[in-house]
């Protein structure tokens, strides 16, 4: 079995850096929480980028760096999933490949928004075009992370070891969170407002924050398992 302690340390550092850089940069410094509503006109969007130019550039640059720390966390998850599979670790490999998709489609919108903020003298329609493209690309392809959760949930339910790394209830929760992200392809149909718009209840608040809650929860459980196993070894 893989020595889990170093991997857990790397995963914990990755999670902290992702939270500080991506969440802090994009949502706190850049001011994308809540996301600018899709019903904003072109002049309003241009004013938003003009008035917050420095903070948007700074925050999105931090967020772009933060996306890089997502990948080690996901790949370490694949290592743990492979331990629970017999034969070829199909779900572990699938989770890793989907993680690459998730990271790429999380990073690409930051490039687009940075381009919108880079030259604030562009015509408002150009800024609006880049802004819309970024949000549609950010919100719509969350199926990548949904497939990651499905792989984790399936592996957790199939893990027959006496002490599975992921509790069964966490596996069921992963599947429910994946279902909660199934509505994001509806984002392009809600160009004004509504629960499926990119700032709506389902497409943003549930689809974004429920996976974050799940990741934090499973990370604390994993760290708890490591600490518990170490105490058992010392006691033995």
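Scan the range 68-93 for residues that are surrounded by 18 or more Cβ atoms within 10 Å (Cβ to Cβ) and more than 12 Å from the chain's Cα centre (by Cα) and jot them down.
The answer is 72, 75, 76, 77, 78, 80, 81, 82, 84, 89, 91, 92.
Quick one: would you say residue 104 is crowded, with 17+ Cβ neighbours inside 10 Å, within 18 Å of residue 61 (Cα to Cα) and without any contact (Cβ under 8 Å) to a residue 60 or more places away in the chain?
Taking the combined requirement at face value, the residue does not satisfy it.
Condition first: in a loop (DSSP other than H, G, I, E, B) and buried (at least 17 other Cβ atoms within 10 Å of the Cβ). Now tell me which residues in the range 153-171 satisfy that.
Of everything in the range 153-171, those that are in a loop (DSSP other than H, G, I, E, B) and buried (at least 17 other Cβ atoms within 10 Å of the Cβ) turn out to be 159, 164, 165, 166.
Looking at residue 59, is it under 14 Å from the mean Cα position of the chain (by Cα), in a helix (DSSP H, G or I), farther than 14 Å from residue 159 by Cβ and without any contact (Cβ under 8 Å) to a residue 60 or more places away in the chain?
No: the conditions fail for residue 59.
Select from the range 172-200 the residues that are within 19 Å of the chain's Cα centre (by Cα), in contact (Cβ under 8 Å) with a residue 40 or more places away in the chain and part of a helix (DSSP H, G or I) and list them in ascending order.
173, 174, 184, 185, 187
Yes/no per residue for (1) in contact (Cβ under 8 Å) with a residue 24 or more places away in the chain; (2) in contact with a strand residue (DSSP E or B) (Cβ under 6 Å, 6 or more places away or on another chain); (3) within 26 Å of residue 81 (Cα to Cα):
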{"position": "7", "(1), (2), (3)": "yes, no, yes"}
{"position": "17", "(1), (2), (3)": "yes, no, yes"}
{"position": "20", "(1), (2), (3)": "yes, no, no"}
{"position": "23", "(1), (2), (3)": "yes, no, no"}
{"position": "39", "(1), (2), (3)": "yes, no, no"}
{"position": "46", "(1), (2), (3)": "yes, no, no"}
{"position": "50", "(1), (2), (3)": "yes, no, no"}
{"position": "54", "(1), (2), (3)": "no, no, no"}
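Can you tell me how many residues within the range 124-152 are free of Cβ contacts under 8 Å to residues at least 40 places away in the same chain and either part of a loop (DSSP other than H, G, I, E, B) or farther than 21 Å from residue 177 by Cβ (or both)? Explain how you work it out, then say what you get.
Narrowing the range 124-152 to residues free of Cβ contacts under 8 Å to residues at least 40 places away in the same chain: 126, 129-130, 133-134, 137, 146, 150.
From the residues that got through so far, the ones that are either part of a loop (DSSP other than H, G, I, E, B) or farther than 21 Å from residue 177 by Cβ (or both) too are 126, 129-130, 133-134, 137.
Within the range 124-152, residues that are free of Cβ contacts under 8 Å to residues at least 40 places away in the same chain and either part of a loop (DSSP other than H, G, I, E, B) or farther than 21 Å from residue 177 by Cβ (or both) number 6.
Table: residues versus (1) crowded, with 18+ Cβ neighbours inside 10 Å; (2) touching a strand residue (DSSP E or B) at 6+ places or on another chain (Cβ under 7 Å); (3) under 24 Å from residue 54 (Cβ atoms).
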residue	(1), (2), (3)
115	no, no, yes
120	no, no, yes
123	no, no, yes
129	no, no, yes
134	yes, no, yes
148	yes, no, no
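Read-outs: derived from the displayed coordinates by stated rules, not from any lab. Given the structure is predicted, the values throughout are model-derived calculations rather than measurements. Here Cβ is always computed from backbone atoms with ideal geometry, including for glycine, and neighbour counts include all displayed protein chains.
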